[in-house]
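Here the structure is laid out as structure tokens; the discussion comes afterwards.
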Amino acid sequence: MAQILTRLGEPHRGIPTVHIAGSKGKGSTAAYTAALLAASGYTTGLYTSPHINDYRERFTMLRPSASDPGNAPERDEAILTDQSRRVWSVVQEFSAEGVPDDQLPTTFELLTALAFCFFQAIRCEWIVLETGLGGRLDATNLCVPAVTL
């Protein structure tokens, strides 16, 4: 994961992050935290897992106006597509360098890298990041949290 983020220019640095871990309630805590940040005037990226119907559900941007019940969280599909290509190019680099298939990044590592790239590209002021399975090897652990829950 560190190699992926280094090749992508360390997109996990520079945006204050709330990192949420635990066995129960991560998703709702992350959603509440992101909504609170948006209501406080910050453009906020929310990364959660798993998705139900589509992997894009994992990446949500809440603008300060998202606290208004008439405004829904949003995603910029074109930027998400561009950043997906950027992340995939790292996998292609690894393959070209002869990295064995069983040592290539996992889906969760790639989606986590995509989250950092996407939230950087759309200029989020905060990121709320939910861990995956957790533990010391979780792909989200490379964030530099301002707050950990």
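The values are calculated or read from the model by the stated rules, or taken from the named source; none is laboratory data. Here the structure is a predicted model, which is why all the values come from computation and not from measurement. Cβ atoms come from the backbone with ideal geometry, glycine included; neighbour counts cover every protein chain shown. Accessible surface areas use protein heavy atoms only, side chains included; no ligands, DNA or RNA. Shrake-Rupley method; radii C 1.70, N 1.55, O 1.52, S 1.80 Å.
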* Inspect segment 129-139 for any residue being under 26 Å from THR29 (Cβ atoms), in a loop (DSSP other than H, G, I, E, B), among the β-branched types (Val, Ile, Thr) and at pLDDT below 90 and give the result as yes or no. => no
* Structure fact -> Restricted to segment 3-34 and to residues being within 14 Å of the chain's Cα centre (by Cα) and open to solvent by 60 Å² or more (accessible area, probe 1.4 Å), the residue farthest from VAL128 (Cα to Cα) is GLU10
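Scan segment 84-108 for residues that are within 22 Å of THR131 (Cβ to Cβ) and modelled with pLDDT under 95 and jot them down.
The initial filter retains those residues of segment 84-108 that are within 22 Å of THR131 (Cβ to Cβ), namely 84, 87, 90, 104-108.
Residues satisfying the conditions are LEU104, PRO105, THR106, THR107, PHE108.
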* To do: Hey, could you check segment 92-142 for residues that are among the β-branched types (Val, Ile, Thr) and exposed (fewer than 13 other Cβ atoms within 10 Å of the Cβ) and say which is farthest from the chain's Cα centre (by Cα)?
  => THR106
* To do: For residues that are out of contact with any Leu (no Cβ under 6 Å at 6 or more places or on another chain) and of a type in the set (A, V, I, L, M), scanning just segment 35-52, find the one that is surrounded by the most Cβ atoms within 10 Å (Cβ to Cβ).
  => LEU46
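Please pick out the residue among CYS124, CYS143 that is over 17 Å from HIS51 (Cα atoms), in contact with a Gly (Cβ under 7 Å, 6 or more places away or on another chain) and hydrophobic (A, V, I, L, M, F, W, C).
On the way: CYS143 fails: in contact with a Gly (Cβ under 7 Å, 6 or more places away or on another chain).
The match here is CYS124.
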* Structure fact -> Scanning segment 7-40 for residues that are in a helix (DSSP H, G or I), in contact with a strand residue (DSSP E or B) (Cβ under 6 Å, 6 or more places away or on another chain) and not basic (Lys, Arg) gives THR29, ALA30, THR33, ALA34, LEU37, ALA38
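In this structure, does ARG58 turn out to be open to solvent by 60 Å² or more (accessible area, probe 1.4 Å) and of a type in the set (Lys, Arg)?
no
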